[in-house]
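Values in this text are rule-based calculations from the coordinates and carry no lab data. None of the values given here were measured: they were computed from a predicted structure.
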């Protein structure tokens, strides 16, 4: 991702650095709302039950929807992640970081993550929704 984010990160000077996310983002432009994307492909088929594989697919799905709006991952200002197993998330942070950067680059929007008991699709281990400003 050669182009830097078109938005401004908001980080109070006396706070510890945020790692892998931003505390806030200031943006102006056309808003693109992306509904929750899970780890299946465009044919609604799960190609893996691996958590990291599903995260990467969900992020690729977000990138595909962004492209439909003429946007890129760098335009994302907010993401909400719903995961079914926080222990697996924490245990696999290096792999998750690699998968995230492969799709999203080194762009880290404001993010929230919530562990949930289950998602609507039984095989889904993650669902990610995003908001972009172009």
Exercise. How far is the Cα center of segment 23-63 from the Cα center of segment 65-134, in Å?
Worked result: 6
Problem set entry | For the chain, fraction of C-alpha pairs farther apart than 25 Å, in % | 23
For this session: Please report the relative contact order for segment 28-133, taking Cα pairs under 8 Å with a sequence separation of at least 6, and give it as a percent rounded to a whole number.
Result: 45
Problem set entry | On Cα atoms only, tilt of 51-68 relative to the major axis of the chain in degrees | 50
